[in-house]
Amino acid sequence: MMQDSKVLILEDDQFQVKYFRKALEKVGIEQVWEAADGRQALDLLKEVEPDIIFCDLKMEGMDGVEFIRHASQQGIFSSLVFTSALDAGIVSSVESMARSYGFTVLGKLEKPVELEALKKILAASEDQARTAVLEDAEIFTFDQIISALENDEITPWFQPKVGFDDGDWVGSEALARWDSPTHGMINPASFIPLLETVSEIDLLMAAIFEKSVRQCKAWLNIGKRVNVAVNFSVRNLTDIDLPKRIMGLLDWYGVPPELITVEVTESAVSSDTKKVTECLARLRMNGVNVSIDDFGTGFSSIQQLSKIPFNELKIDLSFVQDSVSNPNARAIVESNISLARQFKMKTVAEGVETKEQWDLMKSMGVDICQGFYTGRPMKGKDSIEWYLNR
Ligand code: C2E
Ligand code: CA
Ligand code: CA
């Protein structure tokens, strides 16, 4: 419950602190600590562990920026809310710095603190706590994962991709899910990173890819031409026989190559450029689509674009979600779109969760939407029902 939250107000202006305390009282939060600068806060944090720290940036003594660095070294895991009156650009760069230190940033609050804005932040904090529990990646051993693969417990779910222009269902991304008889449904973060370190990632890819092609064919059979996108790891793409096997499979199932998209992250492309380029180029020559995933989060992004014939660019969810409140993120999305146009690539906005994000991405001219707002990942057989109910 929100009322049980422990809160630290890090603020050097006594007037603001008083105002803040009143607002917290009104929403029923009673466990409140205060500190007038970073040093005091760090001392206090040796004794208490607040759920949320409301952090001013400019303070006499240790400022908020320095505090964040020390707090992370001190092993503090509280969520942060910034309450600075500084320029939005400065605050958002501190936000991303805090995130890279591993903090959850819930947002920022104008001063003096208004009740409604505070309630919104606290609601975000509750959501955060819930998903953190869900996403808390469980650790499995290599043997457990391999036997899950052998027992066919890992299969693709499909998240719809929808055109911004007419809202039509244009494709679905296959996302691996492990349906474990003992642990329930497990997300890829709990098994893909480990698999990616070994050649068995090929087994996963083969399983997911064939099932995805079959799903594509099943939709085709009932008259729905929807593209299916499959994620490939760098290890998959250093196997230069891969294009031949893929084309053979498409041929076997009677699925036209233009209905298949291979999604690759930038980091995958930079690690073994020659083989990966050969693989991807051959796939493109055969009519398969190639998409660059999580764009803007890796290195030398732009250079990759000129080397590999990508025809789709996926704007990373962090930029999409931040765009609504952060002009810097919006500028990145804009430059991604114009870059994509120059390379004749389609753009996909990933992670669209709200109407506000949908409206913004649409107005900026992004082609395709993928996110919880239009559809969560679902079983293949549920996709048609999703489509009909929209
Ligand atoms: P990704 O390729 O970037 O996939 C998109 C991720 O964003 C998915 O997480 C999806 O569930 C999530 N997502 C989609 N819309 C929203 C939204 O509106 N809000 C939020 N918060 N999240 C959204 P998921 O399924 O957990 O997959 C995580 C990553 O695991 C994928 O990121 C991909 O890199 C990897 N992965 C998944 N399946 C496979 C696979 O078959 N092979 C390989 N190599 N990697 C896979
Ligand atoms: Ca992907
Ligand atoms: Ca992505």
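The values are calculated or read from the model by the stated rules, or taken from the named source; none is laboratory data. Since we're looking at a predicted model, the values are computed, not measured. Cβ coordinates were reconstructed from backbone atoms using ideal geometry, including for glycine residues, and neighbour counts include every protein chain displayed. Heavy atoms of the whole protein, side chains included, go into the accessibility calculation; ligands, DNA and RNA do not. Shrake-Rupley method; radii C 1.70, N 1.55, O 1.52, S 1.80 Å.
What the table shows:
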{"read-out": "Hits in the range 176-187 (condition: surrounded by fewer than 18 Cβ atoms within 10 Å (Cβ to Cβ), at negative phi and either in contact with a Phe, Trp or Tyr (Cβ under 7 Å, 6 or more places away or on another chain) or in a strand (DSSP E or B) (or both))", "value": "179, 185"}
{"read-out": "Checking residue 284 against (1) open to solvent by less than 50 Å² (accessible area, probe 1.4 Å); (2) away from ligand 2 (no atom under 15 Å from the Cβ); (3) in a helix (DSSP H, G or I); (4) of a type outside the set (Phe, Trp, Tyr), the condition it does not meet", "value": "(1)"}
{"read-out": "Test result for residue 79, polar (S, T, N, Q) and in contact with a Ser or Thr (Cβ under 9 Å, 6 or more places away or on another chain)", "value": "yes"}
{"read-out": "First in the range 174-195 and over 11 Å from residue 155 (Cα atoms), second anywhere and part of a helix (DSSP H, G or I) and more than 16 Å from ligand 2 (Cβ to nearest atom), Cβ under 6 Å, 6 or more apart", "value": "191/145"}
{"read-out": "Identity of the residue in the range 223-237, among the β-branched types (Val, Ile, Thr) and modelled with pLDDT of 95 or more, that ends up surrounded by the fewest Cβ atoms within 10 Å (Cβ to Cβ)", "value": "226"}
{"read-out": "Options 51, 63, 37; residue that is touching a Gly at 6+ places or on another chain (Cβ under 6 Å) and either surrounded by 14 or more Cβ atoms within 10 Å (Cβ to Cβ) or among the acidic types (Asp, Glu) (or both)", "value": "37"}
{"read-out": "Residues of the range 87-101 satisfying the condition of being open to solvent by less than 60 Å² (accessible area, probe 1.4 Å) and not acidic (Asp, Glu)", "value": "88, 89, 91, 92, 94, 97, 98"}
{"read-out": "Residues located in the range 212-222, provided they are open to solvent by 10 Å² or more (accessible area, probe 1.4 Å) and touching a helix residue (DSSP H, G or I) at 6+ places or on another chain (Cβ under 8 Å)", "value": "214, 215, 217, 218, 220, 222"}
{"read-out": "Filtered residues of the range 320-356 (kept if within 18 Å of residue 108 (Cβ to Cβ), in contact with a Ser or Thr (Cβ under 9 Å, 6 or more places away or on another chain) and surrounded by 13 or more Cβ atoms within 10 Å (Cβ to Cβ))", "value": "321, 322, 324, 325, 326, 328, 329, 330"}
{"read-out": "Residue within the range 323-339 that is without any contact (Cβ under 8 Å) to a residue 60 or more places away in the chain and within 15 Å of ligand 2 (Cβ to nearest atom) present", "value": "no"}
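Residue by residue, here is whether (1) modelled with pLDDT of 90 or more; (2) more than 20 Å from residue 13 (Cα to Cα) holds:
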| position | (1), (2) |
| --- | --- |
| 38 | yes, no |
| 53 | yes, no |
| 63 | yes, no |
| 67 | yes, no |
| 72 | no, yes |
| 80 | yes, no |
| 86 | no, no |
| 92 | no, yes |
| 97 | no, yes |
